[in-house]
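Asks: Can you keep this structure in mind? I'll have questions shortly.
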Amino acid sequence: MEKNTAEKLYLQMLANADEHGYKLNPDKEFCERLVAGIIKNNERYGIEACPCRLVTGAKEENLDIVCPCDYRDDDLAEYGACFCGLYVTDQYNAKKQVPDRRPPSAAGRKHKAVAGTGAISGLSYPVWRCNVCGYLSAMKNPPGMCPICKAGKERFARFL
């Protein structure tokens, strides 16, 4: 892997984070090492999985850890950083450890849809939820890309 590739992806992620109200860790060298790990995981497994988590099983079973992972926003709200430390808030404290929010049973599981309550019935189309940012879309199939966070179609789960 070339340094140019990691640098290019880092700059794309930095621009994307800024555009959507997120911040990357101010330690650029640290971020570039994480980005290099994301690139390596993409080469190995065909997904841009977070380098701080173990990829097991089929691609579909690990969509929750594709960067940005499904756990990022909860980690940011509670700890000021995501598990790997790539995304941070203004209140980021490098000394505060972020525990792994991914349940032990999540590794090797299928990406599940959120169960609907049944309160809404008779909809013309199913509702799809982006597992990264929570965007909801009512259409026959999930969108090809989330218009909010740019996550791919595979990151959507049927919500209702």
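The values are calculated or read from the model by the stated rules, or taken from the named source; none is laboratory data. Remember, it's a predicted structure, so these values are computed and weren't measured experimentally. Backbone-built Cβ (ideal geometry, glycine too); neighbour counts: all protein chains shown.
Asks: Which one is farthest from Asp73 (Cα to Cα), of the residues in the range 32-49 that are touching a helix residue (DSSP H, G or I) at 6+ places or on another chain (Cβ under 6 Å) and not β-branched (Val, Ile, Thr)?
Replies: In this case the residue turns out to be Gly46.
Asks: Does Glu60 satisfy being under 17 Å from Phe156 (Cα atoms) and either aliphatic (A, V, I, L, M) or at pLDDT below 90 (or both)?
Replies: Spelling it out, Glu60 is indeed under 17 Å from Phe156 (Cα atoms) and either aliphatic (A, V, I, L, M) or at pLDDT below 90 (or both).
Asks: Considering only the range 24-50, state which residues are in a loop (DSSP other than H, G, I, E, B) and touching a Cys at 6+ places or on another chain (Cβ under 7 Å).
Replies: Answer for the range 24-50, where residues must be in a loop (DSSP other than H, G, I, E, B) and touching a Cys at 6+ places or on another chain (Cβ under 7 Å): Asn25, Glu48, Cys50.
Asks: Name the residue that is nearest to the chain's Cα centre (by Cα), counting only residues in the range 51-69 that are over 19 Å from Pro99 (Cβ atoms) and part of a helix (DSSP H, G or I).
Replies: Only one residue tops the list, namely Leu63.
Asks: When you go through Leu63, Leu86, Leu34 one by one, which is the residue that is in contact with a His (Cβ under 6 Å, 6 or more places away or on another chain) and surrounded by 15 or more Cβ atoms within 10 Å (Cβ to Cβ)?
Replies: Selected residue: Leu63, the only one of Leu63, Leu86, Leu34 that is in contact with a His (Cβ under 6 Å, 6 or more places away or on another chain) and surrounded by 15 or more Cβ atoms within 10 Å (Cβ to Cβ).
Asks: Would you point out which residue out of Tyr92, Tyr71, Tyr87, Tyr22 is more than 18 Å from Cys149 (Cα to Cα) and of a type outside the set (S, T, N, Q)?
Replies: Tyr92 is the lone residue from the list that is more than 18 Å from Cys149 (Cα to Cα) and of a type outside the set (S, T, N, Q).
Asks: I'd like to know if the range 8-16 contains one or more residues that are surrounded by 14 or more Cβ atoms within 10 Å (Cβ to Cβ), hydroxyl-bearing (Ser, Thr, Tyr) and over 25 Å from Pro147 (Cβ atoms).
Replies: Looking through the range 8-16, none of the residues is surrounded by 14 or more Cβ atoms within 10 Å (Cβ to Cβ), hydroxyl-bearing (Ser, Thr, Tyr) and over 25 Å from Pro147 (Cβ atoms).
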